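Undergrad: The structure's right below; bear with me while I get my questions together.
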């Protein structure tokens, strides 16, 4: 587990990322909204072409399916862009809960320890007499903190990992 001061440094670091990313996110959201509006207009025109018998029902269905697929792809993206902090929350929660983990293992009940492990791990496997544990995202990024010479290098690693997932 990284030193507590390293985990505490994540909060202002992620706040900065959120602030810097808000402009880019606003631009991306605007672009996606324009694209969604264009898709809606094209669907309306396509319906009109079908009603006016300019295109056949088969042509209409083929083109409608393409536009509907594009709309289904865009709508979840727009929802995700509405709350950019939702991407950061698990990362910040992971940092604070890692700081509390030693306390729960010293002072907590068996149920609290079990819950702590269940929330932070995935793919538990037993090979022979060895238990293999894979950290759940975003906890996996915290396990290799010793590879980094200083806090700055580790923060860059965490940011890169967050950007790949987020």
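Undergrad: Is it the case that some residue within the range 1-11 is at pLDDT 90 or above and outside any helix (DSSP H, G or I)?
TA: No, that holds for no residue.
Undergrad: Among the residues of the range 17-53, count how many are at pLDDT below 85 and either outside any helix (DSSP H, G or I) or surrounded by fewer than 11 Cβ atoms within 10 Å (Cβ to Cβ) (or both).
TA: 5
Undergrad: Does the range 54-100 hold any residues that are over 30 Å from the mean Cα position of the chain (by Cα) and either at pLDDT below 80 or not in a helix (DSSP H, G or I) (or both), and which are they?
TA: Matches in the range 54-100: 54, 55, 56.
Undergrad: Here is a follow-up. Return only the number of the condition from (1) at pLDDT below 80; (2) within 30 Å of residue 30 (Cβ to Cβ) that residue 119 does not satisfy.
TA: All conditions are met except number (2).
Undergrad: A follow-up question, please. Out of (1) touching a strand residue (DSSP E or B) at 6+ places or on another chain (Cβ under 9 Å); (2) modelled with pLDDT of 70 or more; (3) closer than 18 Å to residue 17 by Cα, the odd one out for residue 126 is which?
TA: Evaluating residue 126 over (1) touching a strand residue (DSSP E or B) at 6+ places or on another chain (Cβ under 9 Å); (2) modelled with pLDDT of 70 or more; (3) closer than 18 Å to residue 17 by Cα leaves (3) as the failure.
The values are calculated or read from the model by the stated rules, or taken from the named source; none is laboratory data. What you are looking at is a predicted structure, and each value in this text was computed from that prediction instead of being measured. Cβ sites come from the backbone with ideal geometry, for glycine too, and all protein chains shown count toward neighbours.
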